[in-house]
Amino acid sequence: MRSLLFAFVCALPAVAGVDGTVVNKTTGNPQARVVLQLLQPSQQGLQTIGTALSDATGKFSFPQTPPPGPVLVQAIYGGVLYTHMIPPGTPTSGVEVPIYDTTGDRSMAKLAEHMILLQPSANELSVSETFLYQNDGTKTFNDSSAGSARFETLAALNASPAVSITPPGGMPITRPTIPDKAKNTYHVDYPVMPGETRFDITYTIPALNPLEVGGKLVDTSAPLRLVVPNGVTLTGDNLENNGQEPSTQANIYTVKGNAFKVQIAGSGSLAQNAASPEDTGQPRLQEATPRLYDSLYVILGLAFGILLLGSILLWRRGSRA
């Protein structure tokens, strides 16, 4: 009996920590002396499980057994934080964590797409602006002083706008926007790694009558496209109407030049269009909702705006194929 029990225990899979190698994708070689952290996402944020330092051959090891669920290995190199996710059920041994050398050469991060979604209502104009940067090199672009994404808001704001960043192959994260010296201009201090990095900036401004907005393009390397929900139209100089995006019927315009001023007619949002019930002519029950829901369409509109811009990016890529 004891021999059978011993054999059964020996047959059980060994409980191990996390180990692997840090690889510098710029040089193609393992990278020594890189500080790493093993993290666990939770409702309270990222919880640190352990820390490690890569050796002379780039190898690292966390002896701690990771808890159930996904874990993250973060590496700090050249002032840039790299995150590698280990999904549940995948090997925790032999993990490769890629890092890159850094450069201050802005040409490494090319602005591939620039769009602004405008969603007017009776009192506010919701603005969702997207920058898509493509880094085809083998170095991470990083400029802490001037930032990566640089933009001008359509009006003065009481607080810096929110920004969501989606790094290559990663999940969206939030970072602050930093005011610049020029009026209504901001930048985001976040590195652009090899691959595709997306910045989504959202804010609201008062809706005046007549509603007219404009601004200057800080980065003119890609044309600016203005997007409005179905039922909303734009007029202005140097404005080209590109028609409607098929899945949402949103109207798309291209700005010609490095500045624009447009007049907005109509109102609506993607969330309202999606939530509008069919008019059957029958009386409807009215539900009283808490004050929190007074801004529900604005909140949903911003979220739908981010999703719409992603849909338009796919549509444009398909049209160019």
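The table for this structure:
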read-out	value
For Arg175, residues with placed amide H under 5 Å, excluding near neighbours	Val163, Ile165
Residue order, fewest to most surrounding Cβ atoms within 10 angstrom, among Met108, Met115, Met171, Met85	Met171, Met85, Met108, Met115
Kirkwood hydrodynamic radius of the stretch 154-199, from inverse mean 1/r over distinct Cα pairs, in Å	11.8
Dipole of the stretch 98-256, positive direction: furthest Cα of His187, Thr166, Val232, with charges on the beta-carbon	His187
Residues Val73, Val22, sorted so that the one with the fewest Cβ neighbours within 10 Å comes first	Val73, Val22
Reach of Lys181 by Cα under 27 Å, taken over lysines that are not fewer than 8 positions away in the same chain	Lys110, Lys216, Lys256, Lys261
Under-5 Å amide H pairs with Val23, H placed in peptide plane, nonlocal only	Gln31, Val97, Ile99
The stretch 22-144 pair-distance distribution - Cα-Cα, 5 Å bins, rounded %	2, 10, 15, 16, 13, 13, 12, 8, 5, 3, 2, 1, 0
Compactness index (Cα Rg / 2.2 N^0.38 Å), the stretch 86-216	1.24
Gap separating the Cα centres of the stretch 58-134 and the stretch 170-203, nearest whole Å	13
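Values in this text are rule-based calculations from the coordinates and carry no lab data. All figures in this text were calculated on a predicted structure; none of them were measured in a lab. Methodologically, a virtual Cβ is constructed for each residue, glycine included, from the backbone with ideal geometry; neighbour enumeration extends over all protein chains shown.
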